[in-house]
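Values in this text are rule-based calculations from the coordinates and carry no lab data. Since the structure is predicted, the reported quantities are computational estimates derived from the model, not experimental observations. Note: ideal-geometry Cβ built from the backbone for every residue, glycine included; neighbour counts use all protein chains shown.
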Amino acid sequence: MEFFTWVVKLAKLYMPTFLSGAGTTMLLAITGTVIGFVIGLLTGIVRTIPITENMSSGKKSLLKVVNRILTIYIEIFRGTPMIVQAMVIFYGVAAATGVPLNRIGAGILIVSINTGAYMSEIVRGGIISIDKGQFEAAQAIGMSHWQTMRFIVLPQVIRNILPATGNEFVINIKDTSVLNVISVGELFFAGKTAAGTYFRYFEAFFIICVIYFVLTFAVTRILRVFERKLEGSDVYQLETKEEPLDAATGN
Amino acid sequence: MQQPVIDIRHLNKSFGTNEVLKDINFHVNKGEVVCIIGSSGSGKSTLLRCVNLLETPSGGEILYNGKNILDDMHDTTAYRAKLGMVFQQFNLFNNLNVLDNCVVGQVQVLKKSKEEAEKTALQYLDEVGMKAFVKAKPSQISGGQKQRVAIARALSMEPDALLFDEPTSALDPEMVGEVLRVMNMLAKTGLTMLVVTHEMGFAKEVADRVVFMDKGVIVEEGPPEQIFNNPQNERTREFLKRTLEKF
Ligand SMILES: Nc1ncnc2c1ncn2[C@@H]1O[C@H](COP(=O)(O)OP(=O)(O)O)[C@@H](O)[C@H]1O
Ligand SMILES: [Mg+2]
């Protein structure tokens, strides 16, 4: 019975802390995913620019250098834990400039570039998986590479990678917990605060656990509804004011 | 003599060490329908793709209205907009409905207003009998319908010539007719057409000239009566015998 008493007590006592922690967690996850998505989109686009024969050599080598740098960025951020990246960036910037970073700002920065590295690969895969015929048909009517991307390819890619992006968002809700190492006041940090005062770790983190689950569960459901909306309608309306379909085929 | 719309001179194309096109020479005059026939792998698609620069030729000249477009590769997009292309696999833009498939190029490439572009698009969609389907997505219509929309999309750019790469080869047999009928009608309106096809009936009936390709070279070229009734070359005779035997 003691367990429930403490859960209720802590929940009452620390409700504002928990709520503000959950708020910060959602803020970090949302902005981090959105900015990371944009970073991933841009790097993914650059990394799939075809190097063609009739490109000037200056343009070719510039593209190769940029690609190299982007690859290094992606490898490093996918190849090291975010908890370590947080320490290195937060204390590294402070040591280099003498001014400590704003903690929330640092958190958003870290989540964004980390998500960007993953999204870049997702976007690149998405672009590669678009049928070559889509590119060729766009080229054949005289569209530039950028026009092809903007009006034909990216709309299809974004729709295809939406589930993967939603997945990144859910991962970010959970993984922003590592930012407690640089004392960002997110949900896990709120749990530590509540637990520490009465040394009630189990009860405090049980509450935290429930809140995390509610957040991810709700977000997953909302994303699913959103996806289904984007699918669009299965039926279309025939525009037949004059006569029914297929008059011209003469079948 | 009038100047051809497309004049191909000594065109070569290699993929690595594989020489796919060898010293190709031929031309298409304004208002002409030229059919290219030949067995699979003989380089017909590659030739068509070289003509609108989806592939970069390894050598030779492509004169478009007398100007060699390979001299100056900067304005390839403007050149491509002047040549329509109809693909075997249709390649309709999957994210756009039937109408927007025919509008996007006009607005983005030709810089027309949306209203003007839609008017043009509807006119051509009507011509191919697909006006009723403007709101449909490509995944919601049949193969024959897709190909007719693809033709309307190409026509909406009001090109100087239309290139077709086996436009009926990916279709179920019962849908071949509706596409051939549209192409037949276009030929009658005086559209300049370069058509790679296995439909010998179409070539015989509609073409002004027929080009027979084999292993990357043009073996024989002439009016359909000559190619089909009195072929000069042994390889042409053999190909026709093999092809027509199937029917
Ligand atoms: N992108 C490519 N890379 C290498 N070889 C190719 C490529 N495209 C076509 N080929 C080769 O060129 C030859 C001619 O192909 P293609 O033009 O498609 O013939 P057709 O259209 O007459 O069937 C084939 O041997 C094919 O393997
Ligand atoms: Mg082919």
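General observations
- Here each label is just a point 7 Å from Cα along the line to Cβ, and for B:Glu245 and B:Asn29 those points are 3.7 nm apart.
- Cα lying deepest toward the dipole's positive end in the protein assembly as shown, options B:Leu191, B:Gln108, A:Ala106, charges on Cβ: A:Ala106
- Amide proton proximity set for B:Phe164, modelled H, under 5 Å, gap of 5+: B:Val86, B:Leu194, B:Val195, B:Val196
- Directionally averaged projected area (the range B:103-184, Cα convex hull): 5.6 nm².
- 0 to 90° range, to nearest 10: angle between helix B:114-127 axis and chain B longest Cα axis: 60 degrees
- In chain B, the longest principal axis of the Cα atoms and the axis of helix B:173-188 are about 90 degrees apart.
- Taking other C-beta atoms within 10 angstrom as a stand-in for reagent exposure, B:Asp172, B:Asp7 fall in the order B:Asp172, B:Asp7, fewest first.
- With a cut-off of 13 Å between beta carbons, the residues surrounding A:Ile127 carry a summed charge of +3, where Lys and Arg count +1 and Asp and Glu -1.
- Hull volume per residue, based on the alpha-carbon atoms of the range A:1-103 and their convex hull, is 167 Å³.
- Around the Cα centre of the range B:89-205, unit charges on the Cβ atoms of Lys, Arg, Asp and Glu (plus for the first two, minus for the last two) sum to a dipole of about 320 debye.
- The protein assembly as shown - Rg and Dmax from Cα coordinates, angstrom: 30.4, 103
- Computed over the range B:89-247, the convex hull of the alpha-carbon atoms projects to a mean area of 10.3 nm².
- When the range B:25-76 is reduced to its Cα atoms, the Kirkwood hydrodynamic radius in Å: 12.4 Å
- Degrees separating the helix B:143-156 axis from the principal Cα axis of chain B, which is the longest one: 80 degrees
- Taking the alpha carbon gyration tensor of the range A:38-153, multiplying each eigenvalue by 5 and rooting it gives semi-axes of 35, 16, 12 Å, largest first.
- Charge dipole of the protein assembly as shown about the Cα centre (unit charges at C-beta), most positive-ward option of B:Asn18, B:Ala136, A:Ser183: A:Ser183
- Dipole magnitude (debye, nearest 20) for the range A:2-231, charges at Cβ of Lys, Arg, Asp, Glu: 180 debye
- Given charges at beta-carbon only (K, R positive; D, E negative), |dipole| of the range A:1-69 in Debye: 300 debye
- With the charge dipole of the protein assembly as shown set up from +1 on Lys and Arg Cβ and -1 on Asp and Glu Cβ about the Cα centre, the Cα lying farthest toward the positive end among the listed residues A:Gln134, B:Asn29, B:Ala152 is that of A:Gln134.
- Residues of the range A:116-143 with amide N under 11 Å of a point placed 7 Å along Cα→Cβ from B:Lys114: none
- Residue-averaged [θ]222 nm for the protein assembly as shown, counting only DSSP H segments that reach four residues, each worth -39500 (n - 2.57): -18500 deg cm²/dmol
- Rounded, prolate or oblate (a/c below 1.5 giving rounded, otherwise prolate when a/b exceeds b/c) for chain A by Cα gyration tensor: oblate
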